[in-house]
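Trainee: Have a look at the structure that comes next, please.
The values are calculated or read from the model by the stated rules, or taken from the named source; none is laboratory data. Keep in mind that what you see is a predicted model, and the values were worked out from it rather than measured. Every residue, glycine among them, receives a Cβ derived from its backbone with ideal geometry; neighbour counts consider all protein chains shown. Calculation scope for accessible area: heavy atoms of the full protein, side chains included, ligands and nucleic acids excluded. Shrake-Rupley method; radii C 1.70, N 1.55, O 1.52, S 1.80 Å.
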Amino acid sequence: MTTVASLSLVPHLLIKPSFRCLSRKGVGRYGGIKVYAVLRNDSAEYLKDNHWEALFHVDDPGPRVPIEKGKFLDAKQALDVVRFDIQYCDWRARQDLLTIMVLHNKVVEVLNPLARDFKSVGNLRKDLAGLQEDLAKAHNQLYLSESRVSSALDKLAQMETVVNERLLSDGSAFAATADCASLDPSTSFTPRAGPKKTKRRSLNISGPVKPYNSNLKNFWYPVAFSSDLKDDTMVPIDCFEEQWVIFRGKDKRPGCVQNTCAHRACPLDLGSVNEGRITCPYHGWEYSTDGKCEKMPSTKMLNVRIRALPCFEQEGMVWIWPGDDTPTPTIPSLLPPSGFTIHAEIVMELPVEHGLLLDNLLDLAHAPFTHTSTFAKGWSVPSFVKFLTPTSGLQGYWDPYPIDMEFRPPCMVLSTIGISKPGKLEGKSTQQCSTHLHQLHVCLPSSRSKTRLLYRMSLDFAPWIKHIPFMHLLWSHFAEKVLNEDLRLVLGQQERMNNGANVWNWPVSYDKLGIRYRLWRDAVERGVDRLPFSNQIESGS
(Lines give C-alpha, C1' and ligand atoms only; values in the text may rest on other atoms or scores of the structure.)
Protein backbone atom coordinates (compact mmCIF):
# COMPACT_ATOMS: atom_id res chain seq x y z
CA MET A 1 0.00 0.00 0.00
CA THR A 2 1.28 3.47 -0.85
CA THR A 3 1.38 5.58 2.30
CA VAL A 4 1.08 9.31 2.75
CA ALA A 5 4.71 9.58 3.83
CA SER A 6 5.98 7.96 0.67
CA LEU A 7 4.12 10.49 -1.42
CA SER A 8 6.09 13.43 -0.07
CA LEU A 9 8.74 12.99 -2.78
CA VAL A 10 6.25 12.97 -5.63
CA PRO A 11 6.43 16.27 -7.56
CA HIS A 12 2.88 16.05 -8.89
CA LEU A 13 -0.32 14.39 -7.75
CA LEU A 14 -2.86 14.27 -10.49
CA ILE A 15 -6.53 14.00 -9.53
CA LYS A 16 -8.92 12.83 -12.20
CA PRO A 17 -12.71 12.49 -11.78
CA SER A 18 -14.27 9.22 -12.87
CA PHE A 19 -17.69 7.66 -12.70
CA ARG A 20 -18.74 4.18 -11.93
CA CYS A 21 -22.20 2.75 -12.15
CA LEU A 22 -22.94 0.36 -9.25
CA SER A 23 -24.60 -2.83 -10.23
CA ARG A 24 -27.10 -2.87 -7.40
CA LYS A 25 -30.64 -2.02 -8.51
CA GLY A 26 -31.85 1.36 -7.37
CA VAL A 27 -28.39 2.86 -6.98
CA GLY A 28 -27.67 5.47 -9.64
CA ARG A 29 -24.47 6.90 -11.05
CA TYR A 30 -22.27 8.54 -8.44
CA GLY A 31 -19.21 10.69 -8.74
CA GLY A 32 -15.82 9.31 -7.79
CA ILE A 33 -12.17 10.46 -7.66
CA LYS A 34 -9.07 8.54 -8.77
CA VAL A 35 -5.61 9.48 -7.49
CA TYR A 36 -2.48 8.87 -9.58
CA ALA A 37 1.21 9.26 -8.82
CA VAL A 38 3.53 10.37 -11.65
CA LEU A 39 7.29 10.54 -11.09
CA ARG A 40 8.17 12.69 -14.10
CA ASN A 41 8.45 16.44 -14.62
CA ASP A 42 6.83 16.17 -18.03
CA SER A 43 3.91 14.30 -16.54
CA ALA A 44 1.29 15.95 -18.74
CA GLU A 45 2.99 14.82 -21.97
CA TYR A 46 3.79 11.45 -20.50
CA LEU A 47 0.17 10.75 -19.65
CA LYS A 48 -0.93 11.29 -23.24
CA ASP A 49 1.08 8.35 -24.54
CA ASN A 50 1.37 5.98 -21.56
CA HIS A 51 -0.96 3.81 -19.60
CA TRP A 52 -0.92 4.44 -15.87
CA GLU A 53 -2.72 3.00 -12.89
CA ALA A 54 -4.60 4.62 -10.06
CA LEU A 55 -3.23 4.48 -6.51
CA PHE A 56 -6.78 4.14 -5.28
CA HIS A 57 -10.34 5.06 -6.27
CA VAL A 58 -12.67 7.06 -3.99
CA ASP A 59 -16.16 6.18 -5.06
CA ASP A 60 -19.36 7.57 -3.49
CA PRO A 61 -21.36 4.46 -2.43
CA GLY A 62 -24.63 6.34 -2.61
CA PRO A 63 -27.47 6.23 -0.09
CA ARG A 64 -27.69 3.52 2.48
CA VAL A 65 -30.62 1.11 2.48
CA PRO A 66 -33.68 2.90 3.90
CA ILE A 67 -35.15 1.32 7.03
CA GLU A 68 -38.85 1.71 7.50
CA LYS A 69 -40.00 2.38 11.05
CA GLY A 70 -41.47 -0.66 12.78
CA LYS A 71 -40.36 -3.14 10.08
CA PHE A 72 -38.39 -6.33 10.91
CA LEU A 73 -35.61 -7.10 8.45
CA ASP A 74 -34.84 -10.56 7.18
CA ALA A 75 -31.28 -11.84 7.11
CA LYS A 76 -30.56 -10.64 3.57
CA GLN A 77 -31.86 -7.15 4.28
CA ALA A 78 -29.83 -6.99 7.46
CA LEU A 79 -26.67 -7.99 5.58
CA ASP A 80 -27.39 -5.31 2.97
CA VAL A 81 -27.64 -2.69 5.68
CA VAL A 82 -24.37 -3.79 7.25
CA ARG A 83 -22.63 -3.98 3.87
CA PHE A 84 -23.73 -0.47 2.89
CA ASP A 85 -22.68 0.86 6.28
CA ILE A 86 -19.21 -0.64 5.81
CA GLN A 87 -18.99 0.77 2.29
CA TYR A 88 -19.94 4.18 3.57
CA CYS A 89 -17.34 4.10 6.37
CA ASP A 90 -14.68 2.97 3.88
CA TRP A 91 -15.70 5.77 1.47
CA ARG A 92 -15.58 8.33 4.24
CA ALA A 93 -12.11 7.23 5.31
CA ARG A 94 -10.78 7.28 1.74
CA GLN A 95 -12.24 10.74 1.20
CA ASP A 96 -10.56 12.06 4.33
CA LEU A 97 -7.26 10.51 3.21
CA LEU A 98 -7.60 12.14 -0.18
CA THR A 99 -8.17 15.54 1.47
CA ILE A 100 -4.98 15.12 3.49
CA MET A 101 -3.06 14.12 0.36
CA VAL A 102 -4.24 17.17 -1.59
CA LEU A 103 -3.23 19.49 1.22
CA HIS A 104 0.07 17.64 1.56
CA ASN A 105 0.70 18.11 -2.15
CA LYS A 106 0.31 21.87 -1.76
CA VAL A 107 2.91 21.85 1.02
CA VAL A 108 5.24 19.72 -1.14
CA GLU A 109 4.87 22.19 -3.98
CA VAL A 110 6.26 24.93 -1.73
CA LEU A 111 8.88 23.07 0.30
CA ASN A 112 10.07 20.22 -1.85
CA PRO A 113 13.38 21.18 -3.56
CA LEU A 114 12.21 19.64 -6.83
CA ALA A 115 9.05 21.71 -6.81
CA ARG A 116 10.84 24.87 -5.69
CA ASP A 117 13.33 24.55 -8.57
CA PHE A 118 10.46 24.13 -10.99
CA LYS A 119 9.41 27.75 -10.43
CA SER A 120 12.35 30.08 -9.92
CA VAL A 121 12.40 33.22 -7.87
CA GLY A 122 12.58 35.26 -11.05
CA ASN A 123 9.42 33.70 -12.35
CA LEU A 124 7.71 34.40 -9.05
CA ARG A 125 8.70 38.07 -9.20
CA LYS A 126 7.54 38.30 -12.77
CA ASP A 127 4.19 36.79 -11.86
CA LEU A 128 3.89 39.12 -8.89
CA ALA A 129 4.60 42.15 -11.08
CA GLY A 130 1.94 41.02 -13.53
CA LEU A 131 -0.58 40.59 -10.74
CA GLN A 132 0.19 44.05 -9.41
CA GLU A 133 -0.31 45.53 -12.86
CA ASP A 134 -3.63 43.75 -13.26
CA LEU A 135 -4.68 44.97 -9.82
CA ALA A 136 -3.82 48.57 -10.72
CA LYS A 137 -5.85 48.29 -13.93
CA ALA A 138 -8.79 46.88 -11.97
CA HIS A 139 -8.60 49.80 -9.52
CA ASN A 140 -8.53 52.30 -12.35
CA GLN A 141 -11.50 50.63 -14.01
CA LEU A 142 -13.38 50.71 -10.70
CA TYR A 143 -12.71 54.42 -10.26
CA LEU A 144 -13.80 55.04 -13.85
CA SER A 145 -17.03 53.10 -13.30
CA GLU A 146 -17.74 54.99 -10.08
CA SER A 147 -17.21 58.30 -11.90
CA ARG A 148 -19.59 57.25 -14.66
CA VAL A 149 -22.26 56.17 -12.15
CA SER A 150 -21.89 59.44 -10.24
CA SER A 151 -22.17 61.43 -13.44
CA ALA A 152 -25.23 59.45 -14.54
CA LEU A 153 -26.92 60.01 -11.17
CA ASP A 154 -26.25 63.74 -11.37
CA LYS A 155 -27.74 63.88 -14.87
CA LEU A 156 -30.78 61.87 -13.71
CA ALA A 157 -31.35 64.28 -10.81
CA GLN A 158 -31.09 67.23 -13.21
CA MET A 159 -33.56 65.63 -15.62
CA GLU A 160 -36.04 64.92 -12.82
CA THR A 161 -35.76 68.53 -11.66
CA VAL A 162 -36.43 69.78 -15.20
CA VAL A 163 -39.44 67.45 -15.56
CA ASN A 164 -40.93 68.60 -12.26
CA GLU A 165 -40.30 72.25 -13.19
CA ARG A 166 -42.03 71.66 -16.54
CA LEU A 167 -45.00 69.94 -14.92
CA LEU A 168 -45.48 72.70 -12.39
CA SER A 169 -44.97 75.47 -14.94
CA ASP A 170 -47.46 73.77 -17.29
CA GLY A 171 -49.97 73.62 -14.48
CA SER A 172 -49.57 77.26 -13.57
CA ALA A 173 -49.81 78.21 -17.25
CA PHE A 174 -53.45 77.10 -17.24
CA ALA A 175 -54.37 80.23 -15.30
CA ALA A 176 -53.95 83.80 -16.43
CA THR A 177 -51.47 85.88 -14.47
CA ALA A 178 -54.23 88.13 -13.16
CA ASP A 179 -56.10 85.19 -11.68
CA CYS A 180 -53.17 83.65 -9.79
CA ALA A 181 -53.89 85.57 -6.59
CA SER A 182 -57.51 84.43 -6.52
CA LEU A 183 -57.00 80.69 -6.96
CA ASP A 184 -58.52 78.34 -4.37
CA PRO A 185 -55.78 77.78 -1.75
CA SER A 186 -56.49 74.07 -1.80
CA THR A 187 -55.37 73.77 -5.44
CA SER A 188 -53.39 76.91 -6.33
CA PHE A 189 -49.79 77.28 -7.47
CA THR A 190 -47.26 79.73 -5.97
CA PRO A 191 -43.53 80.25 -6.47
CA ARG A 192 -41.38 78.87 -3.69
CA ALA A 193 -38.82 81.22 -2.17
CA GLY A 194 -35.27 80.09 -2.84
CA PRO A 195 -32.26 80.65 -5.06
CA LYS A 196 -33.31 82.33 -8.30
CA LYS A 197 -31.13 80.07 -10.40
CA THR A 198 -33.26 76.97 -9.61
CA LYS A 199 -36.64 78.65 -10.29
CA ARG A 200 -38.23 75.72 -8.49
CA ARG A 201 -42.00 75.94 -8.08
CA SER A 202 -44.21 74.00 -5.71
CA LEU A 203 -47.87 73.19 -5.43
CA ASN A 204 -49.64 75.18 -2.73
CA ILE A 205 -52.12 72.85 -1.04
CA SER A 206 -52.66 74.59 2.27
CA GLY A 207 -55.35 76.06 4.47
CA PRO A 208 -58.87 74.78 5.21
CA VAL A 209 -60.60 73.22 2.20
CA LYS A 210 -63.08 75.65 0.69
CA PRO A 211 -66.53 74.62 -0.60
CA TYR A 212 -66.24 72.39 -3.64
CA ASN A 213 -66.36 74.05 -7.03
CA SER A 214 -69.52 73.23 -8.99
CA ASN A 215 -67.43 72.17 -12.00
CA LEU A 216 -66.11 69.21 -10.03
CA LYS A 217 -69.68 67.89 -9.72
CA ASN A 218 -70.20 67.47 -13.47
CA PHE A 219 -68.97 63.88 -13.65
CA TRP A 220 -70.45 60.43 -13.11
CA TYR A 221 -69.57 59.23 -9.60
CA PRO A 222 -69.85 55.59 -8.43
CA VAL A 223 -71.48 55.68 -5.00
CA ALA A 224 -72.43 52.09 -4.10
CA PHE A 225 -72.00 48.45 -5.08
CA SER A 226 -75.06 46.81 -6.63
CA SER A 227 -74.75 43.91 -4.21
CA ASP A 228 -75.43 46.27 -1.28
CA LEU A 229 -78.70 47.56 -2.75
CA LYS A 230 -81.47 45.01 -2.26
CA ASP A 231 -85.09 45.47 -3.35
CA ASP A 232 -86.25 46.43 0.14
CA THR A 233 -83.18 48.30 1.37
CA MET A 234 -81.74 51.81 0.95
CA VAL A 235 -78.22 53.24 1.03
CA PRO A 236 -77.81 56.76 2.46
CA ILE A 237 -74.81 58.69 1.13
CA ASP A 238 -73.24 62.13 1.42
CA CYS A 239 -71.89 63.70 -1.75
CA PHE A 240 -70.46 67.23 -1.98
CA GLU A 241 -71.91 68.25 1.40
CA GLU A 242 -75.42 67.05 0.48
CA GLN A 243 -77.39 64.08 1.78
CA TRP A 244 -78.92 61.56 -0.62
CA VAL A 245 -80.51 58.14 -0.40
CA ILE A 246 -80.40 55.36 -3.01
CA PHE A 247 -83.07 52.66 -3.39
CA ARG A 248 -84.64 50.47 -6.10
CA GLY A 249 -87.92 51.41 -7.74
CA LYS A 250 -90.75 49.24 -8.99
CA ASP A 251 -88.75 48.41 -12.09
CA LYS A 252 -85.78 47.28 -9.89
CA ARG A 253 -83.68 50.13 -11.25
CA PRO A 254 -81.84 52.27 -8.71
CA GLY A 255 -82.77 55.87 -8.02
CA CYS A 256 -81.18 58.64 -5.96
CA VAL A 257 -83.31 61.22 -4.15
CA GLN A 258 -82.69 63.88 -1.56
CA ASN A 259 -82.55 62.36 1.92
CA THR A 260 -85.01 64.91 3.27
CA CYS A 261 -88.79 64.69 3.32
CA ALA A 262 -90.55 67.65 1.65
CA HIS A 263 -93.03 67.87 4.52
CA ARG A 264 -91.02 68.33 7.75
CA ALA A 265 -87.41 67.65 6.61
CA CYS A 266 -87.25 64.24 8.28
CA PRO A 267 -84.39 61.96 7.05
CA LEU A 268 -85.95 59.46 4.68
CA ASP A 269 -83.33 56.79 5.37
CA LEU A 270 -84.96 56.34 8.80
CA GLY A 271 -88.00 54.95 7.02
CA SER A 272 -88.47 51.92 4.77
CA VAL A 273 -88.82 50.85 1.13
CA ASN A 274 -92.18 49.38 0.11
CA GLU A 275 -93.21 48.40 -3.43
CA GLY A 276 -90.47 50.51 -4.99
CA ARG A 277 -91.17 53.66 -2.96
CA ILE A 278 -89.32 55.10 0.02
CA THR A 279 -91.56 55.95 2.96
CA CYS A 280 -90.95 58.78 5.43
CA PRO A 281 -91.20 57.46 9.02
CA TYR A 282 -92.79 60.71 10.28
CA HIS A 283 -96.13 60.91 8.40
CA GLY A 284 -95.86 58.14 5.83
CA TRP A 285 -95.29 60.20 2.69
CA GLU A 286 -93.98 57.98 -0.09
CA TYR A 287 -91.58 58.94 -2.90
CA SER A 288 -90.61 57.20 -6.15
CA THR A 289 -87.11 57.10 -7.62
CA ASP A 290 -87.73 60.28 -9.65
CA GLY A 291 -88.51 62.22 -6.43
CA LYS A 292 -92.27 62.51 -6.93
CA CYS A 293 -94.47 62.06 -3.84
CA GLU A 294 -97.03 59.39 -4.76
CA LYS A 295 -98.78 58.89 -1.44
CA MET A 296 -99.84 61.22 1.44
CA PRO A 297 -101.83 59.35 4.09
CA SER A 298 -104.39 61.25 6.20
CA THR A 299 -104.57 64.31 3.95
CA LYS A 300 -105.42 65.59 0.49
CA MET A 301 -102.88 64.62 -2.19
CA LEU A 302 -100.60 67.49 -3.23
CA ASN A 303 -98.20 67.89 -6.15
CA VAL A 304 -94.94 67.55 -4.20
CA ARG A 305 -91.52 66.56 -5.44
CA ILE A 306 -88.05 66.31 -3.90
CA ARG A 307 -84.74 66.55 -5.74
CA ALA A 308 -83.55 63.49 -7.64
CA LEU A 309 -80.25 62.92 -9.41
CA PRO A 310 -79.58 61.03 -12.65
CA CYS A 311 -78.82 57.50 -11.50
CA PHE A 312 -77.49 54.57 -13.48
CA GLU A 313 -76.36 51.02 -12.77
CA GLN A 314 -73.45 49.46 -14.67
CA GLU A 315 -71.11 46.50 -14.10
CA GLY A 316 -72.06 45.99 -10.47
CA MET A 317 -71.91 49.65 -9.41
CA VAL A 318 -74.49 52.44 -8.92
CA TRP A 319 -73.53 55.84 -10.38
CA ILE A 320 -74.97 59.34 -9.89
CA TRP A 321 -74.48 62.69 -11.65
CA PRO A 322 -74.50 65.40 -8.94
CA GLY A 323 -73.76 68.35 -11.29
CA ASP A 324 -76.04 70.75 -13.15
CA ASP A 325 -74.67 70.08 -16.64
CA THR A 326 -76.24 67.49 -18.93
CA PRO A 327 -74.79 64.06 -18.06
CA THR A 328 -72.37 62.57 -20.55
CA PRO A 329 -73.77 59.60 -22.50
CA THR A 330 -71.06 57.16 -21.42
CA ILE A 331 -69.83 55.88 -18.07
CA PRO A 332 -66.25 54.60 -17.72
CA SER A 333 -65.77 50.89 -17.10
CA LEU A 334 -64.23 49.96 -13.75
CA LEU A 335 -64.24 46.20 -14.15
CA PRO A 336 -60.96 44.33 -13.63
CA PRO A 337 -59.16 43.00 -16.73
CA SER A 338 -60.23 39.75 -18.36
CA GLY A 339 -59.36 36.65 -16.34
CA PHE A 340 -59.86 38.27 -12.92
CA THR A 341 -62.48 37.23 -10.37
CA ILE A 342 -63.90 39.78 -7.92
CA HIS A 343 -63.28 38.57 -4.35
CA ALA A 344 -64.23 41.54 -2.16
CA GLU A 345 -66.27 44.74 -2.31
CA ILE A 346 -65.88 46.95 0.75
CA VAL A 347 -67.29 50.38 1.66
CA MET A 348 -65.71 52.62 4.32
CA GLU A 349 -66.35 56.15 5.58
CA LEU A 350 -63.09 57.98 6.28
CA PRO A 351 -62.64 61.30 8.13
CA VAL A 352 -60.30 62.86 5.49
CA GLU A 353 -60.77 65.12 2.47
CA HIS A 354 -60.90 63.05 -0.69
CA GLY A 355 -58.03 64.91 -2.39
CA LEU A 356 -55.60 64.00 0.40
CA LEU A 357 -56.71 60.38 0.17
CA LEU A 358 -56.15 60.37 -3.60
CA ASP A 359 -52.68 61.87 -3.06
CA ASN A 360 -51.92 58.94 -0.77
CA LEU A 361 -53.29 56.24 -3.10
CA LEU A 362 -51.35 57.64 -6.08
CA ASP A 363 -48.08 57.41 -4.16
CA LEU A 364 -46.38 54.01 -3.87
CA ALA A 365 -42.99 55.23 -2.70
CA HIS A 366 -44.26 55.41 0.90
CA ALA A 367 -45.09 51.67 1.05
CA PRO A 368 -41.76 50.31 2.49
CA PHE A 369 -41.96 52.89 5.29
CA THR A 370 -45.68 52.91 6.08
CA HIS A 371 -47.02 49.42 5.36
CA THR A 372 -44.32 47.47 7.20
CA SER A 373 -46.79 45.15 8.92
CA THR A 374 -49.05 44.41 5.93
CA PHE A 375 -48.49 44.07 2.18
CA ALA A 376 -45.06 45.78 2.11
CA LYS A 377 -43.59 43.76 4.96
CA GLY A 378 -40.02 42.83 4.08
CA TRP A 379 -39.78 45.16 1.09
CA SER A 380 -36.33 46.65 0.62
CA VAL A 381 -35.89 50.38 0.13
CA PRO A 382 -34.67 50.96 -3.45
CA SER A 383 -32.20 53.67 -4.39
CA PHE A 384 -34.67 55.23 -6.81
CA VAL A 385 -38.43 54.93 -7.14
CA LYS A 386 -39.94 56.23 -10.37
CA PHE A 387 -43.38 56.36 -11.94
CA LEU A 388 -43.00 55.92 -15.70
CA THR A 389 -45.78 57.38 -17.80
CA PRO A 390 -46.35 59.05 -21.20
CA THR A 391 -45.69 62.77 -21.44
CA SER A 392 -49.39 63.56 -21.03
CA GLY A 393 -50.85 60.60 -19.25
CA LEU A 394 -52.60 59.66 -16.03
CA GLN A 395 -51.45 56.05 -16.09
CA GLY A 396 -48.17 54.15 -16.12
CA TYR A 397 -46.12 51.76 -14.02
CA TRP A 398 -43.82 51.88 -11.02
CA ASP A 399 -40.12 51.11 -11.13
CA PRO A 400 -38.78 48.96 -9.44
CA TYR A 401 -42.13 47.62 -8.24
CA PRO A 402 -44.20 45.38 -10.58
CA ILE A 403 -47.28 47.59 -10.27
CA ASP A 404 -49.35 49.33 -12.96
CA MET A 405 -51.45 52.29 -11.82
CA GLU A 406 -53.96 54.73 -13.27
CA PHE A 407 -55.88 57.76 -12.02
CA ARG A 408 -59.26 57.81 -13.74
CA PRO A 409 -61.24 61.03 -13.33
CA PRO A 410 -62.92 62.19 -11.33
CA CYS A 411 -61.90 60.16 -8.25
CA MET A 412 -60.87 56.58 -9.13
CA VAL A 413 -57.53 54.79 -8.78
CA LEU A 414 -56.94 51.44 -10.51
CA SER A 415 -53.86 49.31 -9.91
CA THR A 416 -52.60 45.88 -10.93
CA ILE A 417 -49.96 44.29 -8.71
CA GLY A 418 -47.81 41.36 -9.82
CA ILE A 419 -47.43 38.86 -6.98
CA SER A 420 -46.34 35.28 -6.29
CA LYS A 421 -48.47 35.14 -3.17
CA PRO A 422 -50.26 37.83 -1.13
CA GLY A 423 -47.81 40.28 0.41
CA LYS A 424 -44.82 39.29 -1.73
CA LEU A 425 -43.47 40.97 -4.84
CA GLU A 426 -41.99 39.01 -7.71
CA GLY A 427 -40.33 40.16 -10.91
CA LYS A 428 -39.63 43.59 -12.35
CA SER A 429 -42.93 44.18 -14.15
CA THR A 430 -46.49 42.92 -13.99
CA GLN A 431 -45.96 40.99 -17.26
CA GLN A 432 -43.15 38.98 -15.62
CA CYS A 433 -45.42 37.85 -12.77
CA SER A 434 -47.62 34.81 -13.07
CA THR A 435 -50.33 35.95 -10.65
CA HIS A 436 -51.86 39.38 -10.04
CA LEU A 437 -53.99 41.41 -7.65
CA HIS A 438 -56.24 44.11 -9.14
CA GLN A 439 -57.56 46.94 -6.99
CA LEU A 440 -60.14 49.67 -7.47
CA HIS A 441 -60.34 52.64 -5.07
CA VAL A 442 -63.20 55.13 -5.46
CA CYS A 443 -62.80 58.28 -3.33
CA LEU A 444 -66.22 59.95 -3.29
CA PRO A 445 -66.07 63.51 -1.84
CA SER A 446 -68.69 63.24 0.88
CA SER A 447 -67.72 66.55 2.47
CA ARG A 448 -64.67 68.74 2.96
CA SER A 449 -63.54 66.45 5.78
CA LYS A 450 -65.04 63.08 4.86
CA THR A 451 -64.60 60.54 2.05
CA ARG A 452 -66.74 57.57 1.10
CA LEU A 453 -64.30 54.90 -0.08
CA LEU A 454 -65.41 52.04 -2.31
CA TYR A 455 -62.82 49.28 -2.58
CA ARG A 456 -62.96 46.32 -4.97
CA MET A 457 -60.33 43.56 -4.95
CA SER A 458 -59.88 40.94 -7.69
CA LEU A 459 -57.47 38.06 -8.33
CA ASP A 460 -56.50 36.19 -11.50
CA PHE A 461 -55.74 32.97 -9.58
CA ALA A 462 -57.39 30.63 -7.05
CA PRO A 463 -61.05 31.54 -7.82
CA TRP A 464 -62.16 28.93 -5.26
CA ILE A 465 -61.03 31.26 -2.45
CA LYS A 466 -64.16 33.29 -3.05
CA HIS A 467 -66.34 30.41 -1.84
CA ILE A 468 -64.59 29.86 1.51
CA PRO A 469 -67.02 30.76 4.34
CA PHE A 470 -66.36 34.14 6.01
CA MET A 471 -63.55 34.91 3.55
CA HIS A 472 -65.03 38.36 2.96
CA LEU A 473 -64.49 39.12 6.65
CA LEU A 474 -60.80 38.30 6.28
CA TRP A 475 -60.46 40.58 3.26
CA SER A 476 -62.25 43.36 5.12
CA HIS A 477 -59.94 42.99 8.10
CA PHE A 478 -56.85 43.14 5.90
CA ALA A 479 -58.12 46.14 3.91
CA GLU A 480 -58.90 48.06 7.10
CA LYS A 481 -55.48 47.22 8.54
CA VAL A 482 -53.71 48.55 5.44
CA LEU A 483 -55.90 51.64 5.38
CA ASN A 484 -55.32 52.40 9.05
CA GLU A 485 -51.57 52.50 8.40
CA ASP A 486 -52.23 55.32 5.93
CA LEU A 487 -55.04 56.99 7.84
CA ARG A 488 -53.01 58.09 10.85
CA LEU A 489 -50.56 59.85 8.50
CA VAL A 490 -53.18 61.50 6.30
CA LEU A 491 -55.13 62.71 9.33
CA GLY A 492 -51.95 64.38 10.55
CA GLN A 493 -51.50 66.01 7.14
CA GLN A 494 -55.08 67.26 7.18
CA GLU A 495 -54.72 68.83 10.61
CA ARG A 496 -51.59 70.70 9.59
CA MET A 497 -53.03 71.69 6.23
CA ASN A 498 -56.06 73.24 7.94
CA ASN A 499 -53.64 75.21 10.11
CA GLY A 500 -51.85 76.60 7.05
CA ALA A 501 -49.12 74.07 6.28
CA ASN A 502 -48.48 73.18 2.63
CA VAL A 503 -48.73 69.42 2.07
CA TRP A 504 -47.05 69.67 -1.37
CA ASN A 505 -43.89 71.67 -0.63
CA TRP A 506 -41.22 69.67 -2.45
CA PRO A 507 -42.52 67.48 -5.30
CA VAL A 508 -39.93 64.90 -6.41
CA SER A 509 -39.71 62.34 -9.20
CA TYR A 510 -41.98 59.69 -7.65
CA ASP A 511 -44.74 62.29 -7.05
CA LYS A 512 -45.47 62.52 -10.78
CA LEU A 513 -48.93 60.93 -10.78
CA GLY A 514 -50.07 62.86 -7.72
CA ILE A 515 -48.90 66.13 -9.31
CA ARG A 516 -50.85 65.37 -12.48
CA TYR A 517 -54.00 64.69 -10.46
CA ARG A 518 -53.62 68.10 -8.80
CA LEU A 519 -53.05 69.80 -12.17
CA TRP A 520 -56.15 68.11 -13.58
CA ARG A 521 -58.28 69.10 -10.59
CA ASP A 522 -57.08 72.71 -10.69
CA ALA A 523 -57.99 72.95 -14.38
CA VAL A 524 -61.46 71.52 -13.72
CA GLU A 525 -62.19 74.00 -10.96
CA ARG A 526 -61.05 76.91 -13.13
CA GLY A 527 -63.30 75.74 -15.97
CA VAL A 528 -60.71 75.64 -18.77
CA ASP A 529 -62.01 74.75 -22.21
CA ARG A 530 -59.78 71.71 -22.61
CA LEU A 531 -58.65 69.72 -19.60
CA PRO A 532 -55.06 68.49 -19.35
CA PHE A 533 -54.62 64.79 -20.21
CA SER A 534 -57.99 64.92 -22.02
CA ASN A 535 -56.84 62.45 -24.70
CA GLN A 536 -56.06 59.85 -22.05
CA ILE A 537 -59.34 60.53 -20.23
CA GLU A 538 -61.42 60.08 -23.38
CA SER A 539 -59.68 56.83 -24.28
CA GLY A 540 -60.26 55.49 -20.77
CA SER A 541 -63.98 56.37 -20.75
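Trainee: Could you tell me the accessible area of ARG305 in Å² (1.4 Å probe, neighbours in place), rounded to the nearest ten?
Mentor: About 140 Å², ignoring ligands and nucleic acids.
Trainee: Through the Karplus equation 6.51 cos²θ - 1.76 cosθ + 1.60, θ set to phi - 60°, convert the phi angles of segment 315-329 into ³J(HN,Hα) values in whole Hz; use x for Gly and Pro.
Mentor: Calculated HN-Hα couplings, in order: 6, x, 9, 9, 10, 10, 10, x, x, 8, 5, 5, x, 5, x Hz.
Trainee: State the extension gain, in nm to one decimal, for the chain segment bounded by SER380 and ASP231, taking 0.36 nm per residue of separation less the distance between their alpha-carbons.
Mentor: Length difference between fully extended and current span is 48.7 nm.
Trainee: Next up: Using the Cβ atoms and a cut-off under 14 Å, what net charge is assigned to the surroundings of PRO267, where Lys and Arg are +1 and Asp and Glu are -1?
Mentor: Here the charged neighbours net out to -2.
Trainee: Could you state the accessible area per residue of segment 238-310 in Å², with a 1.4 Å probe and every protein chain left in place?
Mentor: Roughly 52 Å² per residue, with all protein chains present.
Trainee: Please list, by residue number, every one of the chymotrypsin sites (Phe, Trp or Tyr not before Pro) in segment 344-402 that is coil in DSSP and has at most 15 other beta-carbon atoms within 10 Å.
Mentor: PHE384
Trainee: Measuring from label point to label point, each 7 Å out along Cα→Cβ, what is the GLN243 to GLN95 span in nm?
Mentor: 8.0 nm
Trainee: As a test of reading the structure, rank ASP324, ASP460 by solvent-accessible area (1.4 Å probe, protein chains only), most first.
Mentor: ASP324, ASP460
Trainee: On a 1.4 Å probe surface of the protein chains, which of ASP231, ASP529 comes out largest in accessible area, and what is the full order?
Mentor: ASP529, ASP231
Trainee: Same structure, new question: Would you please give the residues with an amide H less than 5 Å from that of THR435, counting only those at least 5 places away or on a separate chain, with H modeled from the backbone geometry?
Mentor: ILE419
Trainee: Still on this structure: Order the following by accessible area, largest value first: GLU133, GLU313. Probe radius 1.4 Å; ligands, DNA and RNA are ignored.
Mentor: GLU133, GLU313
Trainee: Right, another one. Amide H of LYS295 versus every other amide H placed in the peptide plane: which residues, excluding those fewer than 5 positions away on the same chain, fall under 5 Å?
Mentor: So LYS295 has HN proximity to GLU286.
Trainee: Note down the net charge around PRO322, summing +1 for each Lys or Arg and -1 for each Asp or Glu among other residues with Cβ under 14 Å from its Cβ.
Mentor: Neighbour charge sum, excluding PRO322 itself: -2.
Trainee: Which whole-Hz couplings ³J(HN,Hα) result when phi for each residue of segment 359-366 is put into the Karplus expression 6.51 cos²θ - 1.76 cosθ + 1.60, θ = phi - 60°, listed in order with x for Gly and Pro?
Mentor: Computed from phi, the couplings for segment 359-366 are 3, 5, 5, 7, 10, 9, 5, 7 Hz.
Trainee: Right, another one. Each residue of segment 233-242 in order: what ³J(HN,Hα) in whole Hz does its phi give by Karplus 6.51 cos²θ - 1.76 cosθ + 1.60, θ = phi - 60°, with x for Gly and Pro?
Mentor: Listing the rounded values in order: 10, 9, 10, x, 9, 10, 8, 6, 6, 10 Hz.
Trainee: In this model, which of LYS217/LYS481; LYS386/LYS450; LYS230/LYS292 are farther than 28 Å apart at the alpha-carbon?
Mentor: Table pairs above 28 Å Cα-Cα are LYS217/LYS481; LYS386/LYS450.
Trainee: Follow-up. State the percentage of accessible surface on segment 384-517 attributable to carbon and sulfur atoms; use a 1.4 Å probe and exclude ligands, DNA and RNA.
Mentor: Heavy-atom surface of segment 384-517 belonging to carbon and sulfur, 1.4 Å probe: 57 percent.
Trainee: Continuing with this model, one more query. Filter the GluC sites (Glu not before Pro) in segment 424-503 down to the DSSP loop ones having no more than 14 other Cβ atoms within 10 Å, then list what survives.
Mentor: Those that pass, being in a loop and sparsely packed, are GLU426.
Trainee: At 1.4 Å probe size, with no ligands or nucleic acids counted, give the accessible surface of GLU241 in Å², nearest ten.
Mentor: Accessible area of GLU241: about 80 Å².
Trainee: Still on this structure, I have one more. Ignoring ligands and nucleic acids, what accessible area does LYS250 show with a 1.4 Å probe (Å², nearest 10)?
Mentor: Roughly 140 Å² of LYS250 is accessible to a 1.4 Å probe.
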